[in-house]
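Worksheet: the structure to be examined is printed underneath.
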Amino acid sequence: MIDLRNDAGRWDAMRNAAPTEQEAAAGASLQAPTRVLLLMSDTGGGHRSVSEALAEGLRALYGTAVEPRIVDAFIQYAPFPLNRSPALYPYMVKPAIVPFYARAWHFANHPRRARQLVYLFWPWVRERIARLFAENPADVIVSVHPLFNDITLRYWMKAPRRVPFVIVICDIGTIHALWCANADLVIAPHEGARRRAIACGVPPERIVVTGFPTRLRFREVRNAPKDFWRRQLGWSPDLPTVLVMGGGEGMGKVFENARAVAESGLPIQMAVVAGRNERLRRRLESVEWPIPTYIYGFVRTIPEMMAAADLIVTKAGPNTIAEALAVGRPMILTHYLPGQEEGNVDYVVNGGAGAYAPEPEQVKEILREWLGRPELLDRLSQQAAAMGYPDAALDAARWIWEIAQQHKGHAHP
């Protein structure tokens, strides 16, 4: 197993080879910064979040010696109608469409079939891909979206100058075959994802396990107690706190789950995040809640909110799960996208960091059990923290930096 938390020899060697922040900043004045192109698309909020986390990690470690650039390859370079994918995604995952979406997901989830489907698009997107890389020169290319992986590799197979290509797998439980392309480096969120990549044909020596990259703020908020963050947010510092979410788009039964929490009969307070779902936010704000309740739309203070909460009620999105684990908060998972997020539920429940409750009444029952047994909630929290990778963005950034420096050294002896 190549895991940065356990493979001490390899990790120490890489850490010693990498420059300190001061050395990197000094080096930036002597040579051009290392250009990192991060390919993502806003088909769901997770891909951008991982891109931003990696950019944060790179800047934190290497300062002005690195120049990360985030590009939404669908919106900026894909032909119609692919360039409308981010706008269409919320409709694609609505209940009436989800069965068809899940069927397509499962159909493509085979290494050979995934390659063949992507290659069908090659004649259609070839010129756009060439323009993407011509307009965004880089020393290393990093993909955080599965649909860009084989297309990128196909382009560089025939390009006159080879640029190293890194894939960061942005799923947790169910790893689609499209993630497992034969890149120069595949960064996996855990050992199970590494095994899946090997089964799909990626050489083991090209895979490292760093955890799922989350913003550095999730790492920082762990250092203060819950009541500190509650005061910072304007919440009661002494009441047990439940955070109810539905991802960045406010998906699933957020309103129904919030009502279940409020009607649990427990002496608690609740924060509900509607994300970009303005209709949901207005509906939540129209209710006179029987417990202290704080309603939010899309916010950048999720790290502080998670750190202030005792537990989180949420859909089984990979980013939310990774963020909750990084902070050490157990989860009640209420909803998942068939295919894409099915394995996320098993990952959390089998790992001992949460429970699955698809109905609001089940949410209420589990909430009463957890808050009524402090020793159980403590055990779940400890297990969540043990499963978390709060340093994942920094660890992944070190690997991206290393492979870029190796390439620059060969290209410019």
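Computed from the coordinates by the stated procedures, all read-outs in this text should not be read as laboratory data. In this text, all values refer to a predicted model and were calculated from it rather than measured experimentally. Note that each Cβ is placed from the backbone with ideal geometry, even for glycine, and that neighbours are counted across all protein chains shown.
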> Once phi is turned into θ = phi - 60°, what whole-Hz ³J(HN,Hα) does the Karplus curve with 6.51, -1.76 and 1.60 give for every residue of segment 96-110, x standing for Gly and Pro?
Replying inline: 6, 9, 3, x, 6, 4, 5, 4, 5, 4, 5, 4, 7, 7, 8
> What does the helix-only formula give at 222 nm for the chain: each DSSP H stretch with n ≥ 4 adding -39500 (n - 2.57), the total divided by the residues, and the result rounded to the nearest 500 deg cm²/dmol?
Replying inline: -14500 deg cm²/dmol
>> Using Stokes-Einstein with the Kirkwood hydrodynamic radius over Cα pairs, what translational diffusion coefficient do you get for segment 217-387 at 25 °C and a viscosity of 0.890 mPa s, in µm²/s rounded to a whole number?
In response: 157
>> If I build a Gaussian network model for the chain, linking alpha-carbon pairs within less than 10 angstrom, which residue out of ARG368, ARG69, ARG279 has the largest mean-square fluctuation?
In response: ARG279
>> Please compute the length gained on full extension between GLU278 and GLN76, using 0.36 nm multiplied by the number of residues separating them and subtracting their Cα-Cα distance.
In response: 70.1 nm
>> How high is the relative contact order of the chain? Use alpha-carbon pairs under 8 Å, at least six apart in sequence, and give a whole percent.
In response: 18
> Taking H as built 1.01 Å from N, whose amide H comes closer than 5 Å to the amide H of GLU67, not counting residues under 5 places away?
Replying inline: THR34, ARG35, VAL36
>> Students often check this: by mean Cβ neighbours within 10 Å, which of 285-293, 111-119 ranks highest, and how do the rest follow?
In response: 111-119, 285-293
>> Under 5 Å between amide hydrogens, which residues at least 5 positions from GLY354 or on another chain qualify, with H placed 1.01 Å from N in the peptide plane?
In response: MET331
>> What number do you get for the chain when its Cα radius of gyration is normalised by 2.2 N^0.38 Å, N = residues?
In response: 1.00
>> Taking amide H atoms as placed 1.01 Å from N in the peptide plane, list the residues 5 or more away in sequence, or in a different chain, whose amide H sits under 5 Å from that of THR293.
In response: MET270
> Which residues in segment 172-194 have a backbone N closer than 14 Å to a point placed 7 Å from the Cα of ASN350 along the Cα-to-Cβ line?
Replying inline: 172-175, 190-194
> Once the Cβ-Cβ distance between ALA104 and GLN232 is put in as r, and R0 is 45 Å, what FRET efficiency do you end up with, to the nearest 0.05?
Replying inline: 0.55
> In whole Å, how far is the Cα centre of segment 249-303 from that of segment 333-373?
Replying inline: 18
> Tell me, what HN-Hα J-couplings in whole Hz come from the Karplus equation 6.51 cos²θ - 1.76 cosθ + 1.60 at θ = phi - 60° for each residue of segment 122-132, using x for Gly and Pro?
Replying inline: 4, x, 6, 10, 3, 5, 5, 5, 4, 5, 4
> For labels at ARG195 and ARG379 in the simple 7 Å Cα→Cβ model, what's the distance in nm?
Replying inline: 2.5
> For segment 217-387, what is the relative contact order in percent, using Cα pairs closer than 8 Å and at least 6 residues apart in sequence?
Replying inline: 23
> Label points 7 Å out from Cα along the Cβ direction at ALA130 and ALA60: separation in nm?
Replying inline: 4.1
> For the residue pair ARG368 and ALA87, what label-to-label distance in nm results when each label sits 7 Å from Cα along the Cα-to-beta-carbon direction?
Replying inline: 4.8
>> Over the chain, how many pairs of lysines fall under 23 Å by alpha carbon, counting only those 8 or more apart in sequence or from different chains?
In response: 8
> ³J(HN,Hα) across segment 231-248 via Karplus (A = 6.51, B = -1.76, C = 1.60, θ = phi - 60°), whole Hz, x for Gly/Pro?
Replying inline: 5, 4, 8, x, 9, 5, x, 9, 7, x, 10, 10, 9, 10, 9, x, x, x
